[in-house]
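Engineer: There's a structure below that I have some questions on.
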Amino acid sequence: MAQPRKYSKSVGDIIKIKSDFFEKNEDMLKLSAHQADALLAQPKRTKCKICHGVIGKAAGQEELYHSQRMSYYECPVCGHVNSEYEDNEDFASRVYIADDYLANYSEDDRKKYETRRDTIYIPKAQFLIDSLAKDGVKKKNIKVLDDGAGSGYFVSALRQLGIEQVDGIEISEPQVQFANTMNGDDILTQVDAPDIASIIETADVNVVTFIGVLEHITNLDDVLGALKKNKKVQYIYFSVPMFSMSCIFEASHQNCYNRHAGGTHTHLFTESSLKFMAESIGFTEYATWKFGSDMMDLYRMICVCLDQNENPKLREVFVKKFLPMIDEMQEIVDRHEEASEIHMIIKRKS
C-alpha cells in the first residue's frame, strides 16, 4: 500500500547553490542553445518515449507548446510530454561526453562538494531510508546500485547516513574521478552506456536508484526491461522532471535560461506516464515526495528580466518582497500536483 504523499522543501539553500542561473544567464543560454543545436540535428521523434504511441506530426497532432526552438507534444496514450526530436546516442555523445559536462555541473573543491551533498542529497537519501523502514527494511539490509551517479553526491549521502552496501555507476570518467577524489574512496565505477542494462539485470541489490537520470537515458526500454527481469530489485527510487508550472514560465521568458525543459531534458513526465512506466515493469507507487523549483524559476526569471531592463532598484524591492513568500507559494504548487520535480519510490508487485 502506498504511503501518503509528502510535499515541499525549502528552496532557500538551493538559490545560493544555483547562483549561476541568476548571475550567468547569458552563458547558460549559450550552453542551452548549443544543446538544442545537437537535438535539432537528430531525426524527428514519431513515438512516445514511454509507451511508444504515435505522436507529433506523424499522428496529426498539434504541438502542446514550443520553447527555445523546440516543439513539445503530449502523448495521447500515456500523457508523456515529448520533444519533437529523438534523444539518441549521437545527441548523448555531443552533450554528455564531447562537452565538458563536469565543468558545467560539479563543484571544484571538497567544501563545496560536501555543502551540495548535505543540502540537496542528504534529504533525498533520508527519504529513501525512512520510506523503506516503514516497509520493515532495516539499514543493514539495504543494498543500493545508483545508476547515472554523476559526481557521486547521492552515493556519498547514503554512505554518510550509514548505508554501507551502496555503489554507483557512471559513464563519464572525469565525473567518476572527481567523485572518488572528493570522497577519498572508490565509490563509483566508470561503465560504458551499452553495458548499463546488463549490469542492472545482474546486480545483487534490492534497490536501484536514478536521481535525475531516467530523463537522460537514450536506451530507456533496455534499462526498464533489465529492472523488470532482475527479481532481486524490489524498489526503484527516481527523481524526474515533470510537465509543470516551470514549463509555462520558461515558454513565456525566452530570454532566460531554460533550466527545466530544453537542453538535456528532451521529454517530461506526467502522473499518468509515471504510472504507465511503473506498471509496464511490474511495479507500483510506494512512496512519493513532491517538491518543485517552479517558484524559484519564476523568481529567477523576474530578477533576470529586471536586470535586462535596467531596473536594479525594482529588483531589490522584488527580492525583499518575494523571498519571504517563496516556500509557501511553492507548497501550494506542490500540493496541487503541479511541481517541476517528483521523487518517487516504486515497489515490485507481489
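The values are calculated or read from the model by the stated rules, or taken from the named source; none is laboratory data. Please read these numbers as outputs of a predicted model, since none were measured by experiment. Reconstructed Cβ throughout: ideal geometry from the backbone, glycine too, with neighbour counts over all protein chains shown. For the accessible areas, the whole protein counts, side chains as well, though only heavy atoms, and no ligand, DNA or RNA atoms are used. Shrake-Rupley method; radii C 1.70, N 1.55, O 1.52, S 1.80 Å.
Engineer: Using 1/(1 + (r/R0)^6) with R0 = 41 angstrom and r between the beta carbons of LYS321 and ASP204, what's the FRET efficiency to the nearest 0.05?
Structural biologist: 0.15
Engineer: When Rg is the radius of gyration of the Cα atoms in region 35-171 and Rh is its Kirkwood radius, what does Rg/Rh come to?
Structural biologist: On the way: Rg = 19.5 Å, Rh = 18.0 Å.
Rg divided by Rh gives 1.09.
Engineer: Which of the lysines could be linked to LYS140 by a straight reach, that is with a Cα gap under 17 Å, when you skip same-chain ones fewer than 8 residues away?
Structural biologist: Filter leaves LYS232.
Engineer: Can you give me the distance in nm between label points at ASP109 and ASP37, each placed 7 Å from the Cα along the Cα-to-Cβ direction?
Structural biologist: 3.4 nm
Engineer: Let's see if you can work this out: charge +1 on each Lys and Arg Cβ, -1 on each Asp and Glu Cβ, no other charges. What is the dipole magnitude of the chain about its Cα centre, in debye to the nearest 20?
Structural biologist: Numbers: 42 positive and 54 negative charges, 242 e Å.
For the chain, the charge dipole is close to 1160 debye.
Engineer: For the residue pair LEU314 and ILE129, what label-to-label distance in nm results when each label sits 7 Å from Cα along the Cα-to-beta-carbon direction?
Structural biologist: 4.8 nm
Engineer: Between ASP185 and ASP27, what is 0.36 nm times their sequence separation minus the Cα-Cα distance? Round to one decimal in nm. Mind dumping the intermediate values first?
Structural biologist: Details: separation 158, 0.36 × 158 = 56.88 nm, distance 3.38 nm.
Roughly 53.5 nm would be gained on extension.
Engineer: Positive end of the charge dipole of region 95-217 (Lys, Arg +1 and Asp, Glu -1 on Cβ, about the Cα centre): tell me which of PHE154, ALA203, TYR96 has its Cα farthest that way.
Structural biologist: The residue sitting farthest along the positive end of the dipole is PHE154.
Engineer: I've got another one for you. Where a Cα-Cα gap under 15 Å defines reach, which aspartates and glutamates qualify for LYS349, not counting those fewer than 8 residues away within the same chain?
Structural biologist: Within the straight-line limit of under 15 Å, LYS349 reaches these aspartates and glutamates: ASP135, GLU279, GLU285.
Engineer: Under a 1.4 Å probe, what is the accessible area of the chain per residue, stated in Å²?
Structural biologist: 45 Å²
Engineer: Kindly provide the trypsin sites (Lys or Arg not before Pro) of region 309-350 that DSSP labels as loop, not H, G, I, E or B, and whose Cβ sees at most 14 other Cβ atoms within 10 Å.
Structural biologist: LYS349
Engineer: With runs of 4+ DSSP H residues as the only contributors, calculate the mean residue ellipticity of the chain at 222 nm using -39,500 (n - 2.57) per run, divided by the residue total and rounded to the nearest 500.
Structural biologist: Calculated from helices alone, the mean residue ellipticity at 222 nm is -11500 deg cm²/dmol.
Engineer: Of the peptides 126-138, 37-49, how do they stack up when ordered by the mean number of other Cβ atoms within 10 Å, highest first?
Structural biologist: Top to bottom by mean Cβ count within 10 Å: 37-49, 126-138.
Engineer: Give me the one-decimal nm value for the distance between modelled label points at GLU337 and LYS228, 7 Å along each residue's Cα-to-Cβ direction.
Structural biologist: Here the modelled spin labels are 2.5 nm apart.
Engineer: Efficiency by 1/(1 + (r/R0)^6): what FRET value for ALA59 and ASN255, r their Cβ-Cβ distance, R0 = 35 Å, to the nearest 0.05?
Structural biologist: On the way: r = 32 Å, r/R0 = 0.91.
Efficiency, rounded to the nearest 0.05: 0.65.
Engineer: About the Cα centre of region 155-230, what is the dipole size in debye to 20, counting +1 per Lys and Arg Cβ and -1 per Asp and Glu Cβ, all else neutral?
Structural biologist: That gives region 155-230 a dipole magnitude of about 240 debye.
Engineer: I'd like the antiparallel share, as a percent to the nearest 5, of DSSP beta bridges with both residues in the chain.
Structural biologist: Looking only at bridges with both residues in the chain, the antiparallel portion is about 55 percent.
Engineer: Taking a cut-off of 20 Å between Cα atoms, list the lysines near LYS111, but don't count ones fewer than 8 places away on the same chain.
Structural biologist: LYS16, LYS18, LYS124
Engineer: Where the only charges are on Cβ atoms (+1 Lys, Arg; -1 Asp, Glu), what is the dipole of region 288-350 about its Cα centre, to the nearest 20 debye?
Structural biologist: 300 debye
Engineer: Using alpha-carbon pairs under 8 Å, 6+ residues apart, how would you state the relative contact order of the chain in percent?
Structural biologist: Here the relative contact order equals 22 percent.
Engineer: For the chain, divide the Cα radius of gyration by the Kirkwood radius and give the resulting Rg/Rh value with two decimals.
Structural biologist: So for the chain, dividing Rg by the Kirkwood Rh gives 0.94.
Engineer: How large a share of the accessible area of the chain, in percent, is made up of carbon and sulfur atoms when the probe is 1.4 Å and the other protein chains stay in place?
Structural biologist: For the chain, the apolar C and S fraction of the accessible surface comes to 51 percent.
Engineer: Just subtract the alpha-carbon distance of GLN177 and SER93 from 0.36 nm times their residue separation and send over the number in nm, one decimal.
Structural biologist: Values: separation 84, 0.36 × 84 = 30.24 nm, distance 1.90 nm.
Roughly 28.3 nm would be gained on extension.
Engineer: Let me ask something additional. What pairs from LYS44/LYS228; LYS112/LYS231; LYS134/LYS231; LYS139/LYS275; LYS47/LYS229 go past 32 Å between their alpha carbons?
Structural biologist: Among LYS44/LYS228; LYS112/LYS231; LYS134/LYS231; LYS139/LYS275; LYS47/LYS229, the Cα-Cα distance tops 32 Å for LYS112/LYS231.
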